[in-house]
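The values are calculated or read from the model by the stated rules, or taken from the named source; none is laboratory data. Remember, it's a predicted structure, so these values are computed and weren't measured experimentally. Reconstructed Cβ throughout: ideal geometry from the backbone, glycine too, with neighbour counts over all protein chains shown. Keep in mind that these areas ignore ligands, DNA and RNA; they rest on the heavy atoms of the full protein, side chains included. Shrake-Rupley method; radii C 1.70, N 1.55, O 1.52, S 1.80 Å.
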Amino acid sequence: DVKVTQSSRYLVKRTGEKVFLECVQDMDHENMFWYRQDPGLGLRLIYFSYDVKMKEKGDIPEGYSVSREKKERFSLILESASTNQTSMYLCASSLYRVAEQYFGPGTRLTVT
Amino acid sequence: AQSVAQPEDQVNVAEGNPLTVKCTYSVSGNPYLFWYVQYPNRGLQFLLKYITGDNLVKGSYGFEAEFNKSQTSFHLKKPSALVSDSALYFCAVWQGGKLIFGQGTELSVKP
């Protein structure tokens with residue numbers, strides 16, 4: 001079974017802090033994704049990566065950056081956290097581009 | 001236009017009854033369609049997909065979905081609902097190099 005792990009289940013940060021969310025997958029998947037989930041809005045794609053050191057902007061990249069130095073690890077960075085970034089963050093990976101994505105358990109981030 | 005729509009925020013079903021969670025899509029060309037389920041405080045789990053082939057797709061936990069090209073729909077179904085099926089369900093369509101998710105439908109199955 002594919003396993004996608006995220007570094008924290010719950011995180012509380014202050015406005016202006018730099019925040020790192022880590023995601024690791026163990027199935028040698030090429031493709032990795034970061035989403036945020038908000039009630040009534042479904043999932044919105046922040047960034048994705050189809051290869052190591054490669055990144056593409058999703059639908060809502062403003063205020064975020066990513067890093068993919070190794071195939072199995074994809075990090076989401078909030079450069080200066082703001083209260084409107086309070087959300088559930090979900091990481092996913094897939095073997096092929098057009099394929100089912102496997103999700104981590106999510107990180108519920110609260111910015112105060 | 002919205003690429004994927006789930007017209008019902010919530011669906012209530014009695015245990016043992018059939019359930020349907022609706023999804024419609026709007027993409028050009030042949031659609032690639034997916035269903036996911038999210039249990040409380042968990043990530044999403046893949047249920048099933050339609051890429052090509054038979055219009056009736058069978059997936060995990062006894063769920064199935066019917067692709068209907070003329071109605072541009074991909075409704076999720078199960079013949080007999082369980083209380084444990086209560087969860088948030090997402091339909092998704094592949095468009096423009098990424099998965100576009102619907103807003104989700106909360107399924108509640110009562111004993």
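Quick notes
- Amide hydrogen neighbours beyond the local backbone of A:SER8, cut-off 5 Å, H modeled: A:GLU22
- Per-atom-type breakdown for chain A gives carbon and sulfur 49% of the accessible area (1.4 Å probe, protein chains only).
- As a fraction of the 1.4 Å probe accessible area of the range B:4-110, surface on carbon and sulfur atoms comes out at 47 percent.
- Taking every protein chain into account, the accessible area of the range B:60-104 amounts to 39 square angstrom per residue (probe 1.4 Å).
- Cα centroid of the range A:58-75 to Cα centroid of the range B:46-106, whole Å: 28
- Packing, as the average of other Cβ atoms within 10 Å across residues, places the peptides A:24-34, B:78-88 in the order A:24-34, B:78-88, highest first.
- Derived scalar couplings between HN and Hα for the range A:29-45 equal 6, 6, 9, 9, 9, 10, 10, 10, 10, 10, x, x, 10, x, 9, 10, 7 Hz in order, rounded to whole Hz, by the Karplus curve 6.51 cos²θ - 1.76 cosθ + 1.60 (θ = phi - 60°), x for Gly and Pro.
- Here the spin labels are modelled as points 7 Å beyond Cα on the Cα-Cβ line, and at B:ASN68 and A:LYS70 they lie 4.9 nm apart.
- For the range A:59-73, 3J(HN,Hα) computed residue by residue from phi via the Karplus equation (6.51, -1.76, 1.60; θ = phi - 60°) reads 7, 9, x, 4, x, 10, 9, 9, 9, 9, 8, 10, 4, 7, 10 Hz, glycine and proline entered as x.
- Taking amide H atoms as placed 1.01 Å from N in the peptide plane, the amide H of B:THR72 has no partner under 5 Å among residues 5 or more positions away or on other chains.
- Qualifying chymotrypsin sites (Phe, Trp or Tyr not before Pro) in the range A:54-112, where qualification requires a DSSP coil assignment and no more than 16 other C-beta atoms within 10 Å, comprise A:TYR96.
- The chymotrypsin sites (Phe, Trp or Tyr not before Pro) of the range B:22-78 include none that DSSP puts in a loop with a beta carbon having at most 12 other beta carbons within 10 Å.
- Of the GluC sites (Glu not before Pro) in the range B:1-75, those whose Cβ has at most 16 other Cβ within 10 Å and which sit in DSSP loop: B:GLU8, B:GLU15
- Across peptide A:98-106, the average count of Cβ atoms from other chains found within 10 Å of a residue's Cβ is 6.
- In this assembly, the B-A interface accounts for approximately 1600 Å² of buried accessible surface in total, computed with a 1.4 Å probe and without ligands, DNA or RNA.
- Across the protein chains, with a 1.4 Å probe defining accessible surface, the residues A:VAL66, A:VAL12 rank A:VAL12, A:VAL66 from largest area downward.
- For the range A:101-112, putting each phi into the Karplus relation 6.51 cos²θ - 1.76 cosθ + 1.60 with θ = phi - 60° gives couplings of 9, 10, 9, x, x, x, 10, 8, 9, 10, 10, 10 Hz, in residue order, rounded to whole numbers and with x for Gly and Pro.
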